[in-house]
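Note sheet for the following structure.
The values are calculated or read from the model by the stated rules, or taken from the named source; none is laboratory data. In this text, all values refer to a predicted model and were calculated from it rather than measured experimentally. Neighbour counts are summed over all protein chains in view; Cβ atoms, including those assigned to glycine, are modelled from backbone coordinates with ideal geometry.
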Amino acid sequence: MPSPAHKILQQYFGYTSFRPQQEKIIQHVMQHQDTLVLMPTGGGKSLCYQVPALMMDGLTVVISPLIALMKDQVDALRVNGIPAAFLNSTQSPEEQNTVFSLLESERIKLLYLAPERLLYNESAFISFLKRINVALIAVDEAHCISHWGHDFRPEYRMLGQLRRELPEVPFIALTATADELTRKDIADKLELKTPGIFISSFNRPNIRYTIEAKRNSFERLLAFLGRHRDEAGIVYCLSRQNTESLAEKLQRHGYNAEAYHAGLEREVRDERQEKFLRDETQVMVATIAFGMGINKSNVRYVVHMDLPKNIESYYQETGRAGRDGLPGEAVLFYSYADVQKLQRFASVEDNEAQSRIMLKKLDQMAAYCQARICRRKYLLNYFDEAAPDFCGNCDICLGKYREIDGTVIAQKALSAVSRLQQSFGMAYVIDFLRGSASARIRESHKSLKTYGVGAEISKAQWTAYIADLIALGYLRKSDGEYPVLQLTERSDAVLRGQEQVTLRMEEETELPAPVLAAAGSPAERDTSPAAYEQELFDILRRLRRSIADAEDIPAFVIFSDATLTELAKYLPQNTDELRHISGFGEVKIRKYGETFCNAIREYCQARGLHSRIPPERQGGRSRAARSAPVQDTREATLSLYREGNSIPEIAALRGLTVMTVEKHLAYFIENGTLDVHTFVTPAKLEKIRHAAAIHGRERLAALREALGKDFSYAEIRMGVAFIKMEERG
């Protein structure tokens, strides 16, 4: 028999099974224990507190750093029939007062707010929370509380006070990226009480990782985007100016691109972000100011034009691709010059210990770009997770490089380091090898025997060769802000000609087509790209967009691309078969099911196609399971109505249409639970009865036309329900 958590997962979210760790985390939270969750972007962190929120008696408060994330999460919850709200600075005083009223009357299950709200009016908001029934506090992007995290935010420090003011309320802290030092700091700063720590696999098998040398990067970016012309993606740049100039260049090449950075007016940022979320902008060219918490599931690629400052940032930013489980790509254009540039900004004033950590993290990021091993293995090992040597979905494993005899090249490089007394950094050594006439090359060095011996090799290729020699242990870099190249114990054998060196040469080939590796989520399980009807997918995507525009929410909030892919693969013909498609909970089946089934049936009839739901899925949920949610949702509407809420208020609270709420209440008039005269006067009821006798009662539009505009559809619907009750006696 399904557990309460499984029932909620099916009814509200449309999934039949949890992803790894989710169920254990939910069980731990339900025992009112503090919890620390590390789960990759797109791994399903939100369900770890959303499911308990629906099982607990009281309010779940979600601390979230970005306004856009709040709105997306609340929109998605409401579409699924879950009463949720947010409080932030974009709302008018009237809107905020409405939310406070709903909170006081316990009509909200999840409240999203920014940490700054806790500081509002000398912590008056914390005092408000103490007066209501708070069941759970969820801290999203919890690494923001730690000085050692990659995105520290001072306002998160207020959460320690919240913990002290609500000592009996369990906390769940969630993040996608935190090393051991950061995890300990999160637990300390939030004052978590012997928390259960859950660390999920950091592997995102559907993302392909590629490092490209940073030469002709714009032309190579254009070639890449040309293979993703109708898909959404993010291109990250280090500076605000570069985002502006790159976006303009892409616009001139016909791309619907916008720039995003912290220097723009807030209204401009909000507008551009909203356009990207709604698929009106295809390419967002941004600094790291854009992205944390962005819940857009159909981002197909993330490109870094410049080097991220650390592995954590890189992992989190690349994780914004392929959140729906379908193929995603992560491309980074790398040059050692970026490392040197970032070294100048890595030090933290008056904090030598943190400066060392930041420089070490930057060095690890550079080492990732220069690695000779599988990119995925490097990433997973960084997060203390074991991984095989071959993943089959990164540039290393896909054969981007060919091996060459690099013994002579190695001897030139090692000799140069030796002649320069092991006292200079990589950039100087490369200029020296290439015989640069730059004024930075000392005159005394120009007379050395090895000056200019590598002039035939480009600067970019020398950078790659020296990175290889470091990875192979023939060279090393010293520590500190200005590292120098040094020889190792292995260098002497190469210089004496006693050891052969194999180096890598990059093949100038196009990136291969994306590969979808095996994974465990419902969307990932059954959606190999070649297996679905592409034309139908495009039809369904347009249908989704039209519904989203009508409801004024982003299209991915309605359904993810993964759900549309399953529809286009399995071709469900009725709403019962929709229950076998990931993402179709009971609320979405009622709201959108028939619309999507009509489109699928029309497509199939024109081509002689039929349902492809596998036999093992066709049994479906039990009859009791299918009918219970319908009754539950009617009861929920009735309960809200009896509490004094108007029909529009119920619709807003439950994320339903007004018509759906009216139908629920009409059901209770028909079975005698509600008094029809609450909705319709006796005089109007008689006129409805007379019109129904002449025109029938099946088409409300015909009755409205006969009765006139003085009658609302709600009055007619309730009147017809009462007539049906009378006929049954």
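Take the residues in segment 155-200 that are without any contact (Cβ under 8 Å) to a residue 24 or more places away in the chain and charged (D, E, K, R), then tell me which one is surrounded by the fewest Cβ atoms within 10 Å (Cβ to Cβ).
Glu168
Consider segment 204-249. How many of its residues are acidic (Asp, Glu), outside any strand (DSSP E or B) and more than 23 Å from the chain's Cα centre (by Cα)?
Selection size over segment 204-249: 3.
For residues that are buried (at least 21 other Cβ atoms within 10 Å of the Cβ) and hydroxyl-bearing (Ser, Thr, Tyr), scanning just segment 17-45, find the one that is farthest from Gln316 (Cα to Cα).
The qualifying residue farthest from Gln316 (Cα to Cα) is Thr35.
Can you say whether Tyr12 is among the aromatic types (Phe, Trp, Tyr), touching a residue at least 40 places away in the same chain (Cβ under 8 Å) and more than 27 Å from Glu317 (Cβ to Cβ), as far as the supplied structure shows?
So Tyr12 fits the description; yes.
Give me the residue from segment 301-342 that is of a type in the set (S, T, N, Q) and closer than 16 Å to Ala467 by Cβ and, out of that set, surrounded by the fewest Cβ atoms within 10 Å (Cβ to Cβ).
Checked segment 301-342; the qualifying residue surrounded by the fewest Cβ atoms within 10 Å (Cβ to Cβ) is Gln340.
Scanning for something over 28 Å from Ala386 (Cα atoms) and of a type in the set (Val, Ile, Thr), does segment 240-253 turn up at least one residue?
Yes.
Quick one: Val61 ticks every box in (1) in contact with a helix residue (DSSP H, G or I) (Cβ under 8 Å, 6 or more places away or on another chain); (2) over 19 Å from Thr194 (Cα atoms); (3) modelled with pLDDT under 95 except a single one, so which number is it?
Against the list (1) in contact with a helix residue (DSSP H, G or I) (Cβ under 8 Å, 6 or more places away or on another chain); (2) over 19 Å from Thr194 (Cα atoms); (3) modelled with pLDDT under 95, Val61 comes up short only on (3).
Could you check how many residues of segment 211-223 are crowded, with 20+ Cβ neighbours inside 10 Å and either over 17 Å from Leu332 (Cβ atoms) or not charged (D, E, K, R) (or both)?
2
Which residue out of Tyr401, Tyr465 is surrounded by fewer than 18 Cβ atoms within 10 Å (Cβ to Cβ) and of a type in the set (Phe, Trp, Tyr)?
Tyr401
Taking segment 471-493, which residues are within 18 Å of Phe432 (Cα to Cα) and either in a helix (DSSP H, G or I) or among the aliphatic types (A, V, I, L, M) (or both)?
Leu475, Val484, Leu485, Leu487
Applying the selection to segment 708-729, what residues are on the phi > 0 side of the Ramachandran plot and either of a type in the set (Val, Ile, Thr) or modelled with pLDDT of 85 or more (or both)?
If the condition is that a residue be on the phi > 0 side of the Ramachandran plot and either of a type in the set (Val, Ile, Thr) or modelled with pLDDT of 85 or more (or both), then Gly708 is the only one that fits.
Specify which of the listed residues (Lys377, Lys412, Lys400) is in contact (Cβ under 8 Å) with a residue 12 or more places away in the chain, among the basic types (Lys, Arg) and under 20 Å from Gln364 (Cα atoms).
Lys377
I'd like the full set of residues that are part of a helix (DSSP H, G or I) and within 16 Å of Ser611 (Cβ to Cβ), limited to segment 569-588.
Of everything in segment 569-588, those that are part of a helix (DSSP H, G or I) and within 16 Å of Ser611 (Cβ to Cβ) turn out to be Lys569, Tyr570, Thr575, Asp576, Glu577, Leu578.
From the residues in segment 272-300 that are of a type in the set (A, V, I, L, M, F, W, C) and within 17 Å of Thr243 (Cα to Cα), which one is surrounded by the fewest Cβ atoms within 10 Å (Cβ to Cβ)?
Ranking the candidates gives Ala289 first.
Okay, residues lined up against (1) assigned by TED's automatic domain parsing to the domain that holds Glu635; (2) buried (at least 18 other Cβ atoms within 10 Å of the Cβ); (3) closer than 30 Å to Gly81 by Cα; (4) without any contact (Cβ under 8 Å) to a residue 60 or more places away in the chain:
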residue: Leu665; (1), (2), (3), (4): yes, yes, yes, yes
residue: Ile669; (1), (2), (3), (4): yes, yes, yes, yes
residue: Gly672; (1), (2), (3), (4): yes, no, yes, yes
residue: His677; (1), (2), (3), (4): yes, no, yes, yes
residue: Lys687; (1), (2), (3), (4): yes, yes, no, yes
residue: Arg697; (1), (2), (3), (4): yes, yes, yes, yes
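Confirm whether Arg208 is surrounded by fewer than 22 Cβ atoms within 10 Å (Cβ to Cβ) and either more than 25 Å from Lys361 (Cβ to Cβ) or in contact with a Pro (Cβ under 8 Å, 6 or more places away or on another chain) (or both).
In short, no.
For residues in segment 552-580 being surrounded by fewer than 18 Cβ atoms within 10 Å (Cβ to Cβ) and of a type in the set (D, E, K, R), which is modelled with the highest pLDDT?
Selected residue: Asp576.
Is there a residue in segment 369-380 that is among the hydrophobic types (A, V, I, L, M, F, W, C), exposed (fewer than 15 other Cβ atoms within 10 Å of the Cβ) and touching a strand residue (DSSP E or B) at 6+ places or on another chain (Cβ under 6 Å)?
No - not one qualifying residue is present in segment 369-380.
Is it the case, given these coordinates, that Leu448 is more than 29 Å from Phe345 (Cα to Cα) and touching a helix residue (DSSP H, G or I) at 6+ places or on another chain (Cβ under 9 Å)?
It is true that Leu448 is more than 29 Å from Phe345 (Cα to Cα) and touching a helix residue (DSSP H, G or I) at 6+ places or on another chain (Cβ under 9 Å).
Kindly provide the set of residues from segment 38-55 that are under 20 Å from Leu159 (Cβ atoms) and at pLDDT 95 or above, ordered by number.
Result: Cys48, Tyr49, Gln50, Pro52, Ala53.
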